[in-house]
Amino acid sequence: MKILVVGSGGREHAIVHALARSPQRPELLCAPGNPGIRQLARSVADSQDVDVIVAAAKAESVDLVVVGPEAPLVAGLVDALAAEGIAAFGPSAAAARLEGSKTYAKEIMLAAGVPTAGHAVVTTVADGLAAVTTYPTVIKFDGLAAGKGVVIATTEDEARAALVDMLETRVFGDGEVFVEDFLDGEEVSLLALCDGERALALAPARDFKRALDGDEGPNTGGMGAFSPVPGVDPATLTDLSAVVHQPIVDELARRGTPFHGVLYAGLMLTSQGPRVLEYNTRFGDPETQVVLPRLTSDLVDLMERASRAGGLEGATLDVDPRPAVTVVLASAGYPASASKGDVITGVETADEPTDTIVFQAGTAGGEHPGAPLVTAGGRVLAVTALGDTLAAAREAAYAGADAIAFDGRQLRGDIAAAASHQAG
Ligand code: AMP
Ligand code: GLY
């Protein structure tokens, strides 16, 4: 079995690491990968462009292409591979619109009967303010907004400012604007493997999107995560998946755009029940760095089956009961910028304990002693540890993080802290 993994982040390192554990001993390729990934997989391309990946997959006669990031999915990589008869784990461009367009996601949720926040599409500031029933309220821009497209406004002045930015100044360019009900509760990321017909839920996770402790500071890609989430036991997980995953898979199949790959539901658990905030059509980063180390089933088999219509029939997932925590180490300036070329030490030491894994993301170099491992992006590393309790996993993840040094290293100190107290 020859598998090509597309992407170069911590998420893709976690995918490659899980595939490498398969009893099938697959031959692993990457495009482009990073220094950590390249210890487990041979790099066959230095870009993620559709044409480059298709050519590499053909030249290498790969059996399966696994697509990590969103951009190549939206660009139609899976469709282009299908046209060449190459199997892929990931949705078609049509199915990936669920992540690319908030308007489309709302339309599908409504058609599928999935609970979500009430919303109104607005075209003027006056209409926007009239659509607000209570504060806080949420103003959302449907389009690329560098993580600034969601504004939680606590006063009418804040709502007006956001509406003026999005509808009059057009700071993010063209795109629809919603006023959405504010949902109060705990967030959970629920990922499911899908084969076009059914959804198989992976372990629940929670990520930490803000840069600073106590959920302060700007939004980031995610500064840490843990799994499982207190309150989402296996029975609850099955119930939630039946409400947030299966109806979407059914609706997309009905529309002739069956969903294959990972369907990621970002949920708010409110006092009125679960509500979907958003869908992503790929693995989460850094959720994957806690979800996949806990998966003891053969990921090669599961991904191959998910790439085929109905292939997951009868499949079940085995999960290590031990919790996992991941702590992201970011470079100076993140998330506004990223510092490149800072020398990283201590990765081997941190990686030493059996139940600790250092996943690489924004790294470069390290091929030989003369070329030290250096920072090459915003999120540099994610240190994951499993433990008998969430508190033990958290302690081990921070011990690993503490062993690693580089100039300007930033991390949050409170990943999984509240939940470890809760879980005891
Ligand atoms: P999104 O870009 O839709 O993922 O939103 C980013 C973050 O904003 C989410 O992870 C939530 O923390 C928050 N958020 C989005 N929509 C709502 C909502 N309707 N109510 C409360 N918080 C929200
Ligand atoms: N951690 C959030 C995401 O992957 O979108």
>> Quick check on this structure: which one of Ala371, Ala391, Ala418 is open to solvent by less than 60 Å² (accessible area, probe 1.4 Å) and at pLDDT 95 or above?
In response: Ala391
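For (1) in contact (Cβ under 8 Å) with a residue 60 or more places away in the chain; (2) crowded, with 16+ Cβ neighbours inside 10 Å; (3) among the hydrophobic types (A, V, I, L, M, F, W, C), each residue gets a yes or a no:
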| position | (1), (2), (3) |
| --- | --- |
| Phe89 | yes, yes, yes |
| Ser101 | no, yes, no |
| Ala111 | yes, no, yes |
| Asp127 | no, no, no |
| Gly149 | no, yes, no |
| Asp165 | no, yes, no |
| Val171 | no, no, yes |
| Val177 | no, yes, yes |
| Leu183 | yes, yes, yes |
>> Restricting to the stretch 311-362, count the residues that are under 26 Å from Thr281 (Cβ atoms), surrounded by fewer than 13 Cβ atoms within 10 Å (Cβ to Cβ) and not acidic (Asp, Glu).
In response: 2
>> Quick test for you: out of Glu197, Glu156, pick the one residue that is loosely packed, with under 15 Cβ neighbours inside 10 Å and modelled with pLDDT of 95 or more.
In response: Glu156
> Quick one: which of Leu240, Leu167 is under 22 Å from the mean Cα position of the chain (by Cα) and of a type in the set (A, V, I, L, M, F, W, C)?
Replying inline: Leu240
>> Checking Ala203 against (1) closer than 30 Å to Ser297 by Cβ; (2) more than 23 Å from the chain's Cα centre (by Cα): exactly one of these is not met. Which one?
In response: (2)
> Condition test on Ala161, is it part of a strand (DSSP E or B), modelled with pLDDT of 95 or more and of a type in the set (A, V, I, L, M, F, W, C)?
Replying inline: no
>> Quick test for you: out of Gly147, Gly173, Gly185, pick the one residue that is more than 10 Å from ligand 1 (Cβ to nearest atom) and either closer than 30 Å to Leu295 by Cβ or not basic (Lys, Arg) (or both).
In response: Gly173
> Yes or no: Ser43 open to solvent by 30 Å² or more (accessible area, probe 1.4 Å), among the hydroxyl-bearing types (Ser, Thr, Tyr) and farther than 21 Å from Leu193 by Cα?
Replying inline: yes
>> List the residue pairs whose Cβ atoms are under 9 Å apart, where the first residue sits in the stretch 398-418 and is touching a residue at least 12 places away in the same chain (Cβ under 8 Å), the second is among the basic types (Lys, Arg), and the two are 6 or more positions apart or on different chains.
In response: Ala401/Arg409; Arg412/Arg210; Ile415/Arg394; Ala416/Arg206; Ala416/Arg394; Ala417/Arg394
> Can you pull out the residues in the stretch 216-232 that are within 14 Å of ligand 2 (Cβ to nearest atom) and open to solvent by 10 Å² or more (accessible area, probe 1.4 Å)?
Replying inline: Asn219, Thr220, Gly221
> So Ala235 clears everything in (1) within 16 Å of ligand 2 (Cβ to nearest atom); (2) surrounded by fewer than 17 Cβ atoms within 10 Å (Cβ to Cβ) except one condition, right? Which one?
Replying inline: (1)
>> Can you tell me how many residues within the stretch 113-125 are open to solvent by 20 Å² or more (accessible area, probe 1.4 Å) and either within 9 Å of ligand 1 (Cβ to nearest atom) or part of a loop (DSSP other than H, G, I, E, B) (or both)?
In response: 7
> What is the one condition in (1) among the small types (Gly, Ala, Ser); (2) open to solvent by less than 10 Å² (accessible area, probe 1.4 Å); (3) over 25 Å from Ser92 (Cα atoms) that Gly261 does not satisfy?
Replying inline: (3)
> How many residues does the stretch 107-135 hold that are within 20 Å of Pro247 (Cα to Cα), of a type in the set (Val, Ile, Thr) and touching a strand residue (DSSP E or B) at 6+ places or on another chain (Cβ under 6 Å)?
Replying inline: 2
> Just for the stretch 200-215: of the residues that are outside any loop (DSSP other than H, G, I, E, B) and of a type outside the set (A, V, I, L, M), which one is surrounded by the most Cβ atoms within 10 Å (Cβ to Cβ)?
Replying inline: Asp207
>> If I ask for residues that are open to solvent by less than 40 Å² (accessible area, probe 1.4 Å), farther than 20 Å from Gly221 by Cβ and without any contact (Cβ under 8 Å) to a residue 40 or more places away in the chain, which ones from the stretch 129-147 would you list?
In response: Leu129
>> Looking at Asn280 and the list (1) crowded, with 24+ Cβ neighbours inside 10 Å; (2) in contact with a helix residue (DSSP H, G or I) (Cβ under 6 Å, 6 or more places away or on another chain), which single condition is not satisfied?
In response: (1)
>> Among the residues that make up the stretch 97-111, is at least one of them part of a strand (DSSP E or B), within 15 Å of ligand 1 (Cβ to nearest atom) and either farther than 30 Å from Glu60 by Cβ or out of contact with any Phe, Trp or Tyr (no Cβ under 7 Å at 6 or more places or on another chain) (or both)?
In response: no
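The values are calculated or read from the model by the stated rules, or taken from the named source; none is laboratory data. Quantities reported herein were computed from a predicted structural model and do not represent experimental measurements. Cβ atoms come from the backbone with ideal geometry, glycine included; neighbour counts cover every protein chain shown. These area figures cover heavy atoms from the full protein model, side chains too; ligands, DNA and RNA do not enter into them. Shrake-Rupley method; radii C 1.70, N 1.55, O 1.52, S 1.80 Å.
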